[in-house]
Amino acid sequence: PIVLGRELAGNPEEAITVVDHPSEKDIPSQPMQEYVIPSYPPPYRRGASGAIFKVVKKEDDEVEVPVYHNPLYVVKRINDPDSGESIVVRLHLPKDGVREFTMPLSSVLARDEFRNTMAKNGVAVIKLEELMGYITSWVNKLQMEVEAEEAHRQFGWTEGHRSFVIGNMEVKADRIDVNPPSISTANLFPYFKPVGSLETWKETIEFYNRPGFEVHQYMMGISFGAVLTEFTPINGSIFHLYHKESGLGKTTAMFAGASVWGSPDSLVMYERDTVNSKMNRLEVYKNLAGYFDEMTNTAPKDLSDFGYSVPSGLQRNRMSVKSNVERYRGNPWKTIVGTTGNTDMVERISAYKSMPKAEAQRILSYRAPIITFSTKEETDIFSAALKVNYGHAGPIYIQYLLQHIDEILPTLAEVQRKIDLAADLKAENRFWSTQVACVVTGLMFAKRAGLINFDIKGLVKWIITDLLAKAKENAESMRGSVEDIMTDYIA
């Protein structure tokens, strides 16, 4: 008889607020947060713990049939250009905290796909049809109430510079929200999971804070500067560090830059990776620095194409493999790319083109200096520390930028003006000018945010008297071939 009088505890019609911690899978190292568990769409009701019940009428009575024992509900609708309309589902687990995942609407209505997606994200149920009906009711409810949002299929700045997407985090000035995965970004999420500690990372990066390591500071500074390219008219430029000798710290400097955002081993790409995969990665990164190691064996023609593609901001247009339509391309990237190799990239391109003047203005090359380290153990410890301490500085740097967003443009303009004047850069040197200004300004902001302690004045002096001076000298030698001079004379 007690069953006849059983009712759900609490008021199922009101939303409730719970305090829980995000799953480590979603936003690592985040404190407890408040989550609002909404009232469930009829004929479903919420139990006191958030469990899902379906109200079934039997004769003159109502019976609550259990559907799922943990809080599970749809947070928002999103439009994904790759998978169509999708939904973001939030799940509360008693031991693992709160996690969010995205699933296409097509999977909600396909039994096998629905079961696989739910199981993959930790939802275990026996009566699958009941849960499918519950999620479908949520979709219909939201379609009547709210407009679908656009999915973040690229990292970097969002519209209006209100936030910045890094992996599964949407960083805002005062908080970090979960960024649900899209088809394009889901596989890259693990690369951005923080590992180790911020303090150890800062101590490790201090290795570069000494005279003679300016080029390494610059290569690492690309990671901070690439973010600021969004505020310039240039879509992209390249910095190429080369030397035939190994052991000069070229690759390690790239790892240091990539460690700002996540795993260096995963974020840095290599010569063996295909051209299409590199361009696709740049499209997804959008405002994050692209690092490509060992470009030595790349064909001269491919290097020439690379030199034009990066500043263009868009990868090549291609047809979709699924249908006879063009592949969807995201918003243009605005970034800086760092590369390494055994030879000068512009010299390699000259094997394909006799006078690659256009590429030379888009590629800032520098021959790595011979550096004598104190001991081999010193460099081994530095390299090892970078691979177990990463991903902490990026969100802090972005929050600092968001909190000082009005300072970015004037600071960037002032730095560029001073460098242009000191180095006597002209309009044709606009790619060098923008790249250098972004890197210097990025390092300045990173220093103000307490992430680095580099000697910025010493770095600027090296940039003007060494880096840009040599670049101008090399460009001057390409003023004209014998044929160009004779053609001008005859004309």
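The values are calculated or read from the model by the stated rules, or taken from the named source; none is laboratory data. Owing to the predicted nature of the structure, the values given are computational and were not obtained by experimental measurement. Cβ atoms come from the backbone with ideal geometry, glycine included; neighbour counts cover every protein chain shown. These accessible areas exclude ligands, DNA and RNA; they are computed on the full protein's heavy atoms, side chains included. Shrake-Rupley method; radii C 1.70, N 1.55, O 1.52, S 1.80 Å.
Some observations on this one:
- Some residue of the range 107-117 being outside any strand (DSSP E or B), among the charged types (D, E, K, R) and farther than 26 Å from GLY167 by Cα: yes
- Flag for ARG448 being charged (D, E, K, R) and touching a residue at least 60 places away in the same chain (Cβ under 8 Å): no
- Leading residue by the ranking (nearest to GLN435 (Cα to Cα)) among those in the range 401-412 that are touching a residue at least 12 places away in the same chain (Cβ under 8 Å) and open to solvent by 40 Å² or more (accessible area, probe 1.4 Å): LEU409
- Taking the range 433-462 as the range and being over 19 Å from PRO410 (Cα atoms), aliphatic (A, V, I, L, M) and surrounded by fewer than 23 Cβ atoms within 10 Å (Cβ to Cβ) as the test, the residues that pass are LEU451, LEU459.
Each row is one residue, and each column tells you yes or no for (1) touching a residue at least 60 places away in the same chain (Cβ under 8 Å); (2) surrounded by fewer than 19 Cβ atoms within 10 Å (Cβ to Cβ); (3) over 29 Å from the mean Cα position of the chain (by Cα).
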residue	(1), (2), (3)
TYR68	yes, no, yes
VAL74	yes, no, no
VAL98	yes, no, no
SER106	no, yes, no
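- VAL89 being of a type outside the set (Gly, Ala, Ser), part of a loop (DSSP other than H, G, I, E, B), modelled with pLDDT of 90 or more and open to solvent by less than 40 Å² (accessible area, probe 1.4 Å): no
- Of residues in the range 8-30 being modelled with pLDDT of 60 or more and assigned to a loop (DSSP other than H, G, I, E, B), the one nearest to PRO66 (Cα to Cα): GLU13
- Subset tally (residues that are at pLDDT below 90, surrounded by fewer than 21 Cβ atoms within 10 Å (Cβ to Cβ), aliphatic (A, V, I, L, M) and assigned to a loop (DSSP other than H, G, I, E, B)) for the range 147-190: 2
- Unique match (being of a type in the set (D, E, K, R) and more than 20 Å from THR185 (Cα to Cα)) among LYS76, LYS141: LYS141
- Pairs meeting the criteria (first residue in the range 275-292 and within 19 Å of THR158 (Cα to Cα), second residue assigned to a helix (DSSP H, G or I) and acidic (Asp, Glu), beta carbons under 6 Å, at least 6 apart or on different chains) are ASN287/GLU230.
- Search result, residues across the range 161-198 that are in contact (Cβ under 8 Å) with a residue 40 or more places away in the chain, within 26 Å of TYR35 (Cβ to Cβ) and among the aromatic types (Phe, Trp, Tyr): PHE164, PHE192
- Pair list, Cβ < 9 Å and 6+ apart or interchain, from the range 13-28 residues that are more than 17 Å from GLU100 (Cα to Cα) to residues that are modelled with pLDDT under 70 and part of a loop (DSSP other than H, G, I, E, B): ILE16/GLY10
- Looking across TYR40, TYR35, one residue alone is among the hydroxyl-bearing types (Ser, Thr, Tyr), part of a strand (DSSP E or B), closer than 16 Å to LEU91 by Cα and at pLDDT 70 or above. It is TYR35.
- The range 218-249: number of residues that are surrounded by fewer than 24 Cβ atoms within 10 Å (Cβ to Cβ) and in a helix (DSSP H, G or I): 2
- Residue among LEU364, LEU314 that is under 28 Å from GLU271 (Cβ atoms), of a type in the set (A, V, I, L, M, F, W, C), modelled with pLDDT of 90 or more and outside any helix (DSSP H, G or I): LEU364
- Unmet criterion (only one of (1) in contact (Cβ under 8 Å) with a residue 60 or more places away in the chain; (2) open to solvent by less than 30 Å² (accessible area, probe 1.4 Å)) for ARG430: (2)
- Single residue of TYR352, TYR291 found to be part of a loop (DSSP other than H, G, I, E, B) and either modelled with pLDDT of 85 or more or not hydrophobic (A, V, I, L, M, F, W, C) (or both): TYR352
- All positions within the range 403-428 that are farther than 21 Å from LEU459 by Cβ and charged (D, E, K, R): ASP406, LYS426, GLU428
- Of all residues making up the range 444-486, the number that are farther than 18 Å from ARG430 by Cα and in a loop (DSSP other than H, G, I, E, B): 10
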